[in-house]
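**Student:** For reference, the structure I am asking about is given below.
The values are calculated or read from the model by the stated rules, or taken from the named source; none is laboratory data. All of these numbers come straight from a predicted model, not from anything done at the bench. Neighbour counts run over all protein chains shown; Cβ positions are idealised from the backbone, glycine included.
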Amino acid sequence: MKPNSNQAIFTIFLLFSFLTCHAQKTIQIQFDSSKEVSGQKFAIRDLSPGLTANWDDYNFVVLEFKISTPQRFHVGFTTETGYNELRIMSYTANGWNKLAIPLKFYRRLPDAALDLAATYNQARYTGWINLGGKRGPLQGVDSIGIRMNAPINNPTFELRSIALSVEDPGDQYLGEKPVFNEFGQWDLGNFEGKVNTVEQLRKEWEAEEKEVVSTQAYNYSRFGGYLQAKTNATGFFRTEKMDGRWWFVDPEGYLFLSVGVDCVSPGGGGNVMNLDKRRNLYKELPPSSLITNPARPGSVSFGTWNLFRRYGEDYQAKSKEMIINRMDKWGLNTIGNWSNPEVMQMNRKAFMLQLRGVGIEDGIMGLPDVYAPGFADKIDAACKSSVGPNKDNPWLIGYFTGNEPSWLEQEERLCTMILEGADRPIKTELTAWLAKGDSPLRRKQFIFQTFRTFLKTVDNAITKYDPNHLNLGIRFGNVMGIDREILEICKEVFDVFSFNCYDLYPKKEMMDRAMEMTGLPMIIGEYHFGTVDRGLAQSLWQVNSQQERGVAYRYYTERAYQHPGLIGTAYFQWCDQDLTGRRDGENYNCGLVDVTDRPYKYQVEAMMETAKRLFEIHTGKIQPIEQAPVKPRGHGGMPNLWNK
């Protein structure tokens, strides 16, 4: 029987009511790029009614969300004790992501690790977490906040589920289209320079190979020094202060500024691990024969695959030769830290080395146990094997002892961890020390005394086996807040004071303080700028576009070399980081070269222009460029603003 019109209308109303009641509710946010901070808070009951407000019995909060950008965002919860948040980065921008966040990151301070990155970065399978914000109990949880600092291009965020779990439920990409294509590029969005065919890549590769390259524009000597300025030669790199300004001097006696890059290596930016946890992120995997690290079975590399596409079976030798050509063209004269040994051993560019096996990896928060029996012998053996073979190599500038020790400004916490930890010689020494008087100052003094012993032991071993090269020190993180006594220790031991500085530019007052207290020339060991158009996170300092990356590089680097004490910089890093994260999760767009082995045009052109000017900037003959990037933003604390 055919229903009458009233019956049909009533049936449609019932069906609409049923679908409305059973449709999955979604929270949606449009971040506003005109605002310093943009985001919203929502009552959890509006999305997940019935979810308990006491999370004591749970270890994970599981979010199903989609965000249109890889830009970091903050996820926070309002509790009885205040607002508590973390930074989150998604590998699946423009696709639905199920991400399980360990609740311990909200409850307590980060676990001890040897440096800052290992302390604060936490890898997951479909994204990664950077630990920040407050810590405390998760009781009376009633709302969730999603916010972003300096959003780029008005991105959007959707959240459709909040759940709790005792066990780790794992992470999962919930979309149908793979996140990354067969070249290792982000495939859920379009961007300038994206390639879709091997033929397109080969055309660009061939054009680069036809370029005629020289260092004539920079007036470099054989070792990268300035041909227009010469002093006494010793056959090795050294430092010298002339007319109130510090310089490196290259082995032939030419004044030298170390313009370098970290992590110089062929085929980077596309290493893939843990395939069993995230196979559906990739359209097609590289051949299993292109293993990047035999110690990690199943780890393959899109970067290596693209080199194989470019050069064939001889890709290893040819890709290393291309690195040298690019450095010549771009005005880079130094291979920085953590670089490929085979590239350094070509002895075509000056290089710096990181010491290994000196006890940092075994120490609590990176502070070695110098009181352990045989510690000095262990350092001696490590330096004999690592620095001894380099004794007569003129291309080596010197050695770094470590990077960003995580215990700095955490000395009291470190003492507590030592005392509460397993019985070790350092615990015995600290206990005896505090028995003569226990105070925050006494605890700090013990840590500093231990640090001094460590550095002097290492320096003695370096000098014993290689008296020809420089002690470049430890690349500290926060130099402005570093204790005066630490700087005095550095003065006793190092030839150069090194630090990493992620900022719009290194501040003069910070550099003045370091140079005045140590009396040493300085190296900036890491800095960079990135953006979000490639599906990668935006680096520790973000800018709005690839073109702005080049602007930011020039603004930072030229201001840095204006300081009379700065004699070296190392941009971090040669290739973009791995698309689904390195070991600690980081996947920054910070490279000079992308996963398809193509240079970032604006970035390298900016480097070339700056390299031509650095000698005259450092001598004070010309001023740094005035153009600053538009709306650059660091990774530091979030302003306490919501949509203001």
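**Student:** Please go through (1) within 23 Å of residue 484 (Cα to Cα); (2) among the small types (Gly, Ala, Ser); (3) without any contact (Cβ under 8 Å) to a residue 60 or more places away in the chain; (4) touching a Lys or Arg at 6+ places or on another chain (Cβ under 9 Å) for residue 421 and return the number of the only condition it doesn't satisfy.
**Tutor:** Of everything listed in (1) within 23 Å of residue 484 (Cα to Cα); (2) among the small types (Gly, Ala, Ser); (3) without any contact (Cβ under 8 Å) to a residue 60 or more places away in the chain; (4) touching a Lys or Arg at 6+ places or on another chain (Cβ under 9 Å), residue 421 misses just condition (1).
**Student:** Here's something else I'd like to know. Could you please find all residues in the stretch 520-534 being assigned to a loop (DSSP other than H, G, I, E, B), more than 16 Å from the chain's Cα centre (by Cα) and not charged (D, E, K, R)?
**Tutor:** 520, 521
**Student:** From the list 221, 165, which one is surrounded by 14 or more Cβ atoms within 10 Å (Cβ to Cβ) and either aromatic (Phe, Trp, Tyr) or in the same structural domain as residue 94 (by TED's automatic domain parsing) (or both)?
**Tutor:** 165
**Student:** Please determine whether any residue of the stretch 52-72 is modelled with pLDDT under 95 and surrounded by fewer than 15 Cβ atoms within 10 Å (Cβ to Cβ).
**Tutor:** No, because not a single residue in the stretch 52-72 is modelled with pLDDT under 95 and surrounded by fewer than 15 Cβ atoms within 10 Å (Cβ to Cβ).
**Student:** Which of the residues that make up the stretch 147-160 are outside any loop (DSSP other than H, G, I, E, B) and either outside the structural domain of residue 88 (by TED's automatic domain parsing) or touching a Phe, Trp or Tyr at 6+ places or on another chain (Cβ under 8 Å) (or both)?
**Tutor:** Correct list: 147, 148, 156, 157, 158, 159, 160.
**Student:** For residue 387, indicate whether it is of a type in the set (A, V, I, L, M), within 30 Å of residue 249 (Cα to Cα), assigned by TED's automatic domain parsing to the domain that holds residue 459 and crowded, with 21+ Cβ neighbours inside 10 Å.
**Tutor:** yes
**Student:** Hey, another quick one. When the stretch 204-213 is examined, which residues are found to be surrounded by 13 or more Cβ atoms within 10 Å (Cβ to Cβ) and over 30 Å from the mean Cα position of the chain (by Cα)?
**Tutor:** 213
Condition check ((1) among the charged types (D, E, K, R); (2) in a loop (DSSP other than H, G, I, E, B)) across all residues:
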residue: 428; (1), (2): no, no
residue: 445; (1), (2): no, no
residue: 475; (1), (2): yes, no
residue: 481; (1), (2): no, yes
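**Student:** While we're here: Among the listed residues 200, 185, 216, 172, identify the single one that is surrounded by fewer than 16 Cβ atoms within 10 Å (Cβ to Cβ) and either within 30 Å of residue 543 (Cβ to Cβ) or touching a residue at least 12 places away in the same chain (Cβ under 8 Å) (or both).
**Tutor:** Only one candidate passes the filter, namely 200.
**Student:** So, restricting to helices (runs of 4 or more DSSP H) that lie completely within the stretch 253-370, which ones have at least 2 residues that are in contact (Cβ under 8 Å) with a residue 12 or more places away in the chain and touching a Ser or Thr at 6+ places or on another chain (Cβ under 7 Å)?
**Tutor:** In the stretch 253-370, the matching helices (runs of 4 or more DSSP H) lie at 302-311.
**Student:** Would you mind telling me which numbered condition in (1) buried (at least 23 other Cβ atoms within 10 Å of the Cβ); (2) farther than 30 Å from residue 69 by Cα; (3) of a type in the set (A, V, I, L, M, F, W, C) residue 552 fails?
**Tutor:** Failed condition: (2).
**Student:** Looking at 401, 463, 431 in this structure, which one is buried (at least 22 other Cβ atoms within 10 Å of the Cβ) and at pLDDT 95 or above?
**Tutor:** 401
**Student:** Condition (residue is in a strand (DSSP E or B), surrounded by fewer than 20 Cβ atoms within 10 Å (Cβ to Cβ) and among the small types (Gly, Ala, Ser)) applied to the stretch 103-115: is it met by at least one residue?
**Tutor:** no
Matching residues to (1) at pLDDT 95 or above; (2) hydrophobic (A, V, I, L, M, F, W, C); (3) surrounded by fewer than 24 Cβ atoms within 10 Å (Cβ to Cβ):
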site	(1), (2), (3)
495	yes, no, yes
523	yes, yes, no
533	yes, no, yes
569	yes, no, no
579	no, yes, no
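**Student:** Could you please let me know if residue 240 is part of a strand (DSSP E or B) and surrounded by fewer than 24 Cβ atoms within 10 Å (Cβ to Cβ)?
**Tutor:** Criteria met by residue 240.
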